[in-house]
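In what follows, a single structure is set out as structure tokens and then discussed.
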Amino acid sequence: MRETTFAPSRMLIYLLVLMIAAAYLVPLLVVVLNSLRTAEEIAQTSMIGWPKQWAWGNYLVAWGDFCIAQTCAGIRPYMLNSALVTIPATIVSTLLGAVAGYAVSLWRFRGDRWIYGVVTLGIFLPQQMRLLPWTIVLRDLGLTNTLTGLVMIHTIQGLSFTTLFCRNYYSAIPQELIRAARIDGAGFYRIFWRIVLPLSPPILIVTVIWQFTHIWNEFLYGVTFTTGQQQPVTAALIALSASIADIPQHGVQSAAVMIAALPTLLVYLFGGRYFVRGLTAGAVK
Amino acid sequence: MTEAVPAAARTGQRRAAVNGLRRLPEFLTIWVPLLLSAGHLIAFALWTLWISFTPSTLVPVSGWVGLRNYTAMMATRNWQIAFDNLLVFGSGFVLLSVLTGLALAILLDQRIRGENVLRSIFLYPLAVSFVVTGTVWSWLLNPGIGIQKLVNDLGWTSFRFDWLIDRDMAIWTIVIAAVWQSSGFAMALFLAGLRSVDGDLIKAAQIDGAGPVRMYRRVILPTLWPITVTVVVIQLQFAITTFDLVRALTGGGPGTATQLPALVVYDFMFQRGLLARGAAAAVLMLLILLAVLLPYAAWQYLQRRQSAHA
């Protein structure tokens with residue numbers, strides 16, 4: 001079964017794999033090509049086709065011109081909103097998760113097991129169970145319809161994942177190392193800076209990529225807690241499809257979709273290995 | 001001597017207090033994030049549970065109506081449709097994505113050239129938002145502008161592929177998009193499983209003269225079933241909480257043909273302003289999830305105990 005001659009059976013395997021791969025790429029290809037076709041051209045044929053003339057202008061319109069609901073500033077403000085939510089929430093939740101993971105796995109303290117157990121329950125508790133409480137908390141804090149509110153929510157919720165990732169990774173560090181450092185008089189922070197953090201880059205990359213992708217792609221909180229100009233890009237895309245349903249602008253819409261998907265696609269392109277490691281790490285908890 | 005003891009105790013106490021004060025920042029660093037995370041989980045879950053027993057409508061109010069919100073919710077047409085859809089979507093999606101993922105993993109395990117590139121292709125949809133993929137699939141599956149239009153334009157004018165606007169078939173469009181988006185995940189886990197099969201086992205079977213088909217059926221696949229359980233549970237968890245994909249692909253329609261529990265929760269909470277009913281629907285969702293997760297947790301616990309004894 002493992003010889004590398006080109007028997008018919010191997011040709012069949014390659015044929016199958018390549019066909020499935022093509023099927024996986026079709027949706028991406030369709031959006032990319034459509035983002036470069038004019039609305040008239042798409043209307044005359046279908047969404048699937050090769051551009052007759054390259055309409056690069058679609059991207060300019062999608063970025064800064066067309067109207068979503070009542071405002072006509074393109075997708076740019078919403079991209080900015082997403083960035084302003086995703087970047088701080090990713091950094092803060094990763095840092096806090098690293099410290100928490102370190103405390104739970106290496107520093108050890110009374111009650112560490114049960115509190116860690118509760119924190120990881122956050123991976124399973126559906127967002128729907130937290131929607132109303134967050135609505136009320138945001139209102140009481142005066143953070144309704146603000147990006148700060150979303151940053152807070154994603155930071156606190158992200159802790160479940162970041163703590164889990166870091167804790168599992170740090171568990172492989174020998175306890176003796178920490179004990180020896182403590183005997184030498186090193187404290188909580190010193191051990192973290194000098195021993196734990198220098199060992200952390202691989203898991204920090206996994207965690208950052210995971211958080212970035214998930215917060216950028218998040219939709220339910222974005223659409224529930226923000227409206228109009230404050231919405232992240234995922235919510236804006238839905239608003240966009242709704243607002244131009246009467247006069248379809250599929251070229252421009254495809255360009256908008258591409259722009260919205262680009263940050264996470266780029267992260268995947270350059271950090272795919274770490275992204276997959278995060279996926280499987282979350283799975284085999 | 002007799003006076004020295006309390007004095008020493010007093011300095012000891014003071015030292016302990018100073019020491020405690022010095023360790024306060026560390027104490028806070030450890031506990032504040034953990035308590036925020038654990039605390040909000042427990043408090044929010046109980047809070048939603050409590051709201052589901054109150055007569056709240058537009059704003060949360062106190063009061064006790066027992067199980068009335070639950071019975072009312074389960075009697076609505078929306079919830080019944082959503083629940084039936086969840087059964088169809090959940091089983092269709094999980095079965096197809098497990099089979100696709102397993103097939104892909106076995107194909108990629110044949111020492112294929114360019115395996116890394118292929119693996120990246122099967123996994124890239126996972127990096128993209130469901131809003132994006134749902135939107136794209138809504139175009140492809142729209143009979144007026146998508147695949148059907150293309151095939152019709154090519155000359156096969158009687159070709160029909162209009163599940164998106166067909167009440168009976170619309171739920172399968174969600175299955176297609178979801179399988180496309182997350183079968184790569186099943187593939188990744190299965191591939192890791194295939195790669196960790198004991199080499200001696202394979203060699204022994206080869207010596208016994210087992211061909212490739214028998215090798216997979218008798219030797220390799222049986223070792224994969226714990227991974228299969230994990231994949232099924234994770235995919236079920238995804239199916240039960242699906243929201244974004246449906247919002248982007250069908251919006252729950254045509255009519256209510258693609259309603260799922262998560263959409264019902266949102267609809268009652270924020271569009272109809274029936275908070276308690278929405279909260280009851282959320283709790284029902286959680287119960288469905290627990291029906292999957294609790295047996296899985298018990299199974300994992302037993303497995304761990306067995307391997308600890310072995």
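Cβ separations smaller than 6 Å between residues 6+ apart or across chains give the following pairs from the stretch A:42-53 residues that are within 12 Å of chain B (Cβ to nearest Cβ) to residues that are part of a loop (DSSP other than H, G, I, E, B): A:S46/B:I145; A:M47/B:I145; A:M47/B:G146.
Restricting attention to the stretch A:204-240 and to residues that are of a type in the set (S, T, Y) and surrounded by 21 or more Cβ atoms within 10 Å (Cβ to Cβ), the residue that is farthest from the other protein chains (Cβ to nearest Cβ) turns out to be A:T207. Could you go through the stretch B:245-254 and let me know if any residue there is touching a residue at least 60 places away in the same chain (Cβ under 8 Å), over 27 Å from B:L99 (Cβ atoms) and not charged (D, E, K, R). Yes: one or more hits. Screening A:V252 on (1) farther than 30 Å from A:S46 by Cβ; (2) in contact with a Phe, Trp or Tyr (Cβ under 7 Å, 6 or more places away or on another chain); (3) at pLDDT below 95; (4) of a type in the set (A, V, I, L, M, F, W, C) shows it passes everything except condition (1). Cβ separations smaller than 8 Å between residues 6+ apart or across chains give the following pairs from the stretch A:64-86 residues that are free of Cβ contacts under 8 Å to residues at least 12 places away in the same chain to residues that are among the hydrophobic types (A, V, I, L, M, F, W, C): A:D65/A:C72; A:D65/A:A73; A:C72/A:F66.
The residues on offer are B:G90, B:G39, B:G66, and the sole one that is touching a helix residue (DSSP H, G or I) at 6+ places or on another chain (Cβ under 8 Å), modelled with pLDDT of 90 or more and either away from chain A (no Cβ under 13 Å) or surrounded by fewer than 17 Cβ atoms within 10 Å (Cβ to Cβ) (or both) is B:G90. Of the residues making up the stretch A:73-130, those that are under 29 Å from B:T242 (Cβ atoms), surrounded by fewer than 19 Cβ atoms within 10 Å (Cβ to Cβ) and of a type in the set (A, V, I, L, M, F, W, C) number 8. Listed conditions (1) closer than 30 Å to B:T258 by Cβ; (2) at the interface with another protein chain (Cβ under 7 Å from one of its Cβ atoms) are all met by B:V179, apart from (2). Whenever a residue of the stretch B:191-217 is surrounded by 11 or more Cβ atoms within 10 Å (Cβ to Cβ), its partners that are outside any helix (DSSP H, G or I), lying with C-beta atoms within less than 7 angstrom and at least six residues away or across chains, give the pairs B:L191/B:D109; B:L194/B:D109; B:P212/A:M1; B:M215/A:M1.
Counting only helices (runs of 4 or more DSSP H) that fall entirely inside the stretch A:1-94 and contain at least 1 residues that are at pLDDT below 85, the qualifying elements are A:8-34, A:39-44. For the stretch B:25-59, enumerate the residues that are among the aromatic types (F, W, Y) and part of a helix (DSSP H, G or I). Passing the criteria: B:F27, B:W31, B:F44, B:W47, B:W50.
Hey, any hits in the stretch B:240-258 for a residue that's in contact with a helix residue (DSSP H, G or I) (Cβ under 8 Å, 6 or more places away or on another chain), exposed (fewer than 14 other Cβ atoms within 10 Å of the Cβ) and under 27 Å from A:P27 (Cβ atoms)? Within the stretch B:240-258, one or more residues are in contact with a helix residue (DSSP H, G or I) (Cβ under 8 Å, 6 or more places away or on another chain), exposed (fewer than 14 other Cβ atoms within 10 Å of the Cβ) and under 27 Å from A:P27 (Cβ atoms).
Listed here are the residues, each with its yes/no results for (1) within 22 Å of B:I176 (Cα to Cα); (2) in the same structural domain as A:V257 (by TED's automatic domain parsing); (3) exposed (fewer than 15 other Cβ atoms within 10 Å of the Cβ).
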residue: A:L16; (1), (2), (3): yes, no, yes
residue: A:A22; (1), (2), (3): yes, no, yes
residue: A:L28; (1), (2), (3): yes, no, no
residue: A:Q44; (1), (2), (3): no, no, yes
residue: A:W50; (1), (2), (3): no, no, yes
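Within the option set B:T223, B:T241, being out of contact with any Ser or Thr (no Cβ under 8 Å at 6 or more places or on another chain) and more than 12 Å from chain A (Cβ to nearest Cβ) holds for one residue only, B:T223.
Residues are listed down the side, and each one gets a yes or a no for (1) in contact with a strand residue (DSSP E or B) (Cβ under 9 Å, 6 or more places away or on another chain); (2) in the same structural domain as A:G149 (by TED's automatic domain parsing); (3) hydroxyl-bearing (S, T, Y); (4) under 20 Å from A:A281 (Cα atoms):
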residue	(1), (2), (3), (4)
A:A181	no, yes, no, no
A:G185	no, yes, no, no
A:I191	no, yes, no, no
A:V196	no, yes, no, yes
A:I205	no, yes, no, yes
A:W210	no, yes, no, yes
A:F219	no, yes, no, no
A:V223	no, yes, no, no
A:T227	no, yes, yes, no
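Of the candidates B:T48, B:T29, B:T100, the single residue that is over 20 Å from B:G273 (Cα atoms), within 11 Å of another protein chain (Cβ to nearest Cβ) and at pLDDT 95 or above is B:T100. Taken together, the residues in the stretch B:144-161 that are more than 8 Å from every other protein chain (Cβ to nearest Cβ) and part of a loop (DSSP other than H, G, I, E, B) amount to 9.
Only residues that are more than 7 Å from chain A (Cβ to nearest Cβ) and touching a residue at least 24 places away in the same chain (Cβ under 8 Å) were counted across the stretch B:109-124, and they come to 2. Residues in the stretch B:165-183 include none that are farther than 22 Å from B:T133 by Cβ and free of Cβ contacts under 8 Å to residues at least 40 places away in the same chain.
Filtering the stretch A:95-135 to residues that are outside any helix (DSSP H, G or I) and either at negative phi or more than 12 Å from chain B (Cβ to nearest Cβ) (or both) leaves A:F109, A:R110, A:F124, A:L125, A:P126, A:R130.
Scanning the stretch B:259-282 for residues that are crowded, with 22+ Cβ neighbours inside 10 Å, among the aliphatic types (A, V, I, L, M) and closer than 22 Å to B:V65 by Cβ yields B:V264, B:V265, B:M269, B:L275, B:A276, B:A279, B:A280, B:A281, B:A282.
For the stretch A:136-148, the set of residues classified as among the hydroxyl-bearing types (S, T, Y) and in a helix (DSSP H, G or I) consists of A:T148 only.
Could you tell me whether any residue of the stretch A:141-159 is surrounded by fewer than 22 Cβ atoms within 10 Å (Cβ to Cβ) and within 12 Å of chain B (Cβ to nearest Cβ)? Yes; the residues of the stretch A:141-159 include at least one that is surrounded by fewer than 22 Cβ atoms within 10 Å (Cβ to Cβ) and within 12 Å of chain B (Cβ to nearest Cβ).
Close Cβ contacts (under 6 Å, 6 or more residues apart or on different chains) running from residues in the stretch A:155-170 that are among the β-branched types (V, I, T) to residues that are surrounded by fewer than 24 Cβ atoms within 10 Å (Cβ to Cβ) comprise A:T155/A:V92; A:I156/B:L36; A:I156/B:H40.
The values are calculated or read from the model by the stated rules, or taken from the named source; none is laboratory data. Computed from a prediction, not measured in an experiment: that's the story for all the values here. Positions of Cβ are generated from backbone atoms using ideal geometry, with glycine treated the same way; all protein chains shown enter the neighbour counts.
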